[in-house]
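Bear in mind that the values in this text are calculations on the coordinates, not laboratory data. For clarity, every value in this text was computed on a predicted model and none was experimentally measured. For neighbour counting, all protein chains shown are included, and Cβ atoms are generated from backbone atoms with ideal geometry for every residue, glycine included.
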Amino acid sequence: MTTDHVTKDHKEPANVFSDKQVAEKSELARHFLDSRTRLNENVDKADNFLVKRFYNLDHNTYLEGALPAKYKELMGLVASACLRCDDCISHHVIQSYRLGVTRAEQEEAINVALVVGGSIVIPHMRRAYELLGELYSA
């Protein structure tokens, strides 16, 4: 069984907004992006082969492929909300925004997470809505 199609048809998504533009738009996003960069620098110093492989797998999973990258980010948002990972939720909200996903699309994805995950998702939904409010403000 060959898996050549898994990587050859995948490409980097075309972002509508850069990290810099996102950080300028939202204080919450800027804080998250700055913190994530700083923390990743600490992880990178460890030069851990398995971590590098996992990061590569994560990166490649969200490339354009049979499923558009924006759908993958929305699925990541749902899974992250169900798992109650605020950093993950922020990451997927920001990445979805960068890809041009509308606020309504993100809110609908969070609705799916609320139904799947139950009321325990509500505190995380509140924080996601705060970030959405900053990103999608006029």
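Under conditions of 37 °C and 0.692 mPa s, segment 17-135 yields 221 µm² s⁻¹ as its translational diffusion coefficient, taking Rh as the Kirkwood radius over Cα pairs in the Stokes-Einstein equation.
Legend: distances between Cα atoms for Lys8/Lys45; Lys25/Lys45; Lys11/Lys72; Lys8/Lys52; Lys11/Lys45; pairs beyond 25 Å are Lys8/Lys45; Lys25/Lys45; Lys11/Lys45. With the convex hull drawn over the C-alpha atoms of segment 3-86, the volume per residue is 132 Å³. Cysteines in the chain lacking any other cysteine Cβ under 4.7 Å from their own Cβ: Cys82. For Lys20 and Val43, a Förster radius of 35 Å and the Cβ-Cβ distance give a FRET efficiency of 0.95, rounded to the nearest 0.05.
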